[in-house]
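Visitor: Have a look at the structure that comes next, please.
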Amino acid sequence: VIRRLVGDAPRQNLLEIGCGTGIHLLALAGEFEQAVGTDLSPEMVRVASERLVHSPWPNKVSVRVDPADELATVADRSVDVVLCIGALEHMLERAAVVRQVRRVLRPGGVFVCLTPNGGYWWYRFLAPLVRRDTRHLSTDRFLTLGDVRGFVEDAGLTVETVEHWTFVPRGDLPTGVGPLLGAADKIGERLGIGWLRGGIAVAALRPADAADVGVSR
Ligand SMILES: C[S@@+](CC[C@H](N)C(=O)[O-])C[C@H]1O[C@@H](n2cnc3c(N)ncnc32)[C@H](O)[C@@H]1O
């Protein structure tokens with residue numbers, strides 16, 4: 001899904017915000033000239049640093065602590081592709097995060113965001129019915145496609161693609177619910193029913209000719 005949404009964007013600089021242990025960063029780094037991962041958590045960055053040393057790309061990947069709503073270590077218009085994978089729902093200052101994404105993207109650069117679907121029937125109906133708290137942190141907030149689209153458009157990016165993808169949070173589910181949600185996902189995919197699908201994905205471009213909008217928080 002990520003590769004498809006990155007599409008034919010230039011492949012000089014990749015940035016993953018909320019990179020965690022670098023799973024996606026390291027998987028995609030080979031396709032870019034330089035790749036940077038940033039995260040709020042020093043411990044995540046420490047683990048990612050260890051992994052990248054043993055990766056095929058120790059010289060072209062770097063990771064560092066930098067909150068995504070600040071991105072103080074990333075220059076304006078310096079990045080071709082920004083990824084945010086399974087992280088926006090954990091970030092408190094989401095609007096500020098996406099404004100920073102716009103600031104660091106080069107004109108024509110692309111923002112790819114994958115996050116759980118806040119409109120998913122598990123989160124919205126089934127989990128409350130069986131009284132299951134689906135958040136890992138009390139601050140987690142699952143976003144709808146409309147929420148993500150709103151943050152992206154308010155930041156001055158142009159939405160290119162919105163879609164659902166297969167995400168079944170099996171580790172969080174009571175016994176027996178996983179196969180049900182898996183089957184529902186397949187039906188949702190075939191019939192185009194978004195609320196049966198656990199993941200949402202948005203790809204957005206920084207317009208090539210737009211004047212900069214403010215990046216104040
Ligand atoms: C579920 S992990 C996803 C990690 C990685 N993107 C992946 O797909 O494996 C979410 C990450 O977001 C990070 N995070 C949460 N809030 C953040 C913020 N404000 N700025 C940067 N990173 C943040 C967390 O520390 C954590 O590493």
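The values are calculated or read from the model by the stated rules, or taken from the named source; none is laboratory data. On a predicted model such as this, the values are computed, not experimentally measured, just so you know. Here Cβ is always computed from backbone atoms with ideal geometry, including for glycine, and neighbour counts include all displayed protein chains.
Visitor: When the residues of the range 116-134 are narrowed to those that are loosely packed, with under 14 Cβ neighbours inside 10 Å and free of Cβ contacts under 8 Å to residues at least 24 places away in the same chain, which ends up nearest to residue 193 (Cα to Cα)?
Guide: My answer is 125.
Visitor: Could you say whether any residue in the range 167-176 is modelled with pLDDT of 95 or more, farther than 18 Å from residue 128 by Cβ and in a helix (DSSP H, G or I)?
Guide: No, because not a single residue in the range 167-176 is modelled with pLDDT of 95 or more, farther than 18 Å from residue 128 by Cβ and in a helix (DSSP H, G or I).
Visitor: Quick check on residue 170: is it surrounded by 13 or more Cβ atoms within 10 Å (Cβ to Cβ), charged (D, E, K, R) and touching a helix residue (DSSP H, G or I) at 6+ places or on another chain (Cβ under 9 Å)?
Guide: no
Visitor: For residue 137, are the conditions met, namely being within 14 Å of the ligand (Cβ to nearest atom), modelled with pLDDT under 95 and among the hydrophobic types (A, V, I, L, M, F, W, C)?
Guide: Yes; evaluated as a whole, the condition is true for this residue.
Visitor: With the checklist (1) β-branched (Val, Ile, Thr); (2) in contact with a Lys or Arg (Cβ under 8 Å, 6 or more places away or on another chain); (3) more than 30 Å from residue 100 (Cβ to Cβ) in hand, flag the one item residue 166 doesn't pass.
Guide: (3)
Let's see how each residue does on (1) among the aliphatic types (A, V, I, L, M); (2) more than 9 Å from the ligand (Cβ to nearest atom):
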{"site": "7", "(1), (2)": "no, yes"}
{"site": "16", "(1), (2)": "no, no"}
{"site": "23", "(1), (2)": "yes, no"}
{"site": "41", "(1), (2)": "no, no"}
{"site": "68", "(1), (2)": "yes, no"}
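Visitor: Looking at the structure I just gave you, is residue 149 over 19 Å from residue 25 (Cα atoms), at pLDDT 95 or above and within 16 Å of the ligand (Cβ to nearest atom)?
Guide: no
Visitor: Which residue is surrounded by the fewest Cβ atoms within 10 Å (Cβ to Cβ), if the candidates are limited to the range 84-111 and must be part of a strand (DSSP E or B), more than 10 Å from the ligand (Cβ to nearest atom) and of a type in the set (A, V, I, L, M, F, W, C)?
Guide: 110
Visitor: Enumerate the pairs (first residue in the range 35-61 and more than 25 Å from residue 88 (Cα to Cα); second residue anywhere and loosely packed, with under 15 Cβ neighbours inside 10 Å and among the hydroxyl-bearing types (Ser, Thr, Tyr)) with beta-carbon separation below 6 Å, excluding pairs fewer than 6 apart on the same chain, so at least 6 apart or on different chains.
Guide: Matching pairs, first to second residue: none at all.
Visitor: Output the residues belonging to the range 119-134 that are over 20 Å from residue 2 (Cβ atoms), away from the ligand (no atom under 15 Å from the Cβ) and part of a loop (DSSP other than H, G, I, E, B).
Guide: 119, 130, 131, 132, 133
Visitor: Tell me which of these residue 164 doesn't satisfy, since it passes every other one: (1) crowded, with 17+ Cβ neighbours inside 10 Å; (2) within 16 Å of residue 113 (Cβ to Cβ); (3) touching a residue at least 60 places away in the same chain (Cβ under 8 Å).
Guide: Residue 164 satisfies every listed condition except (3).
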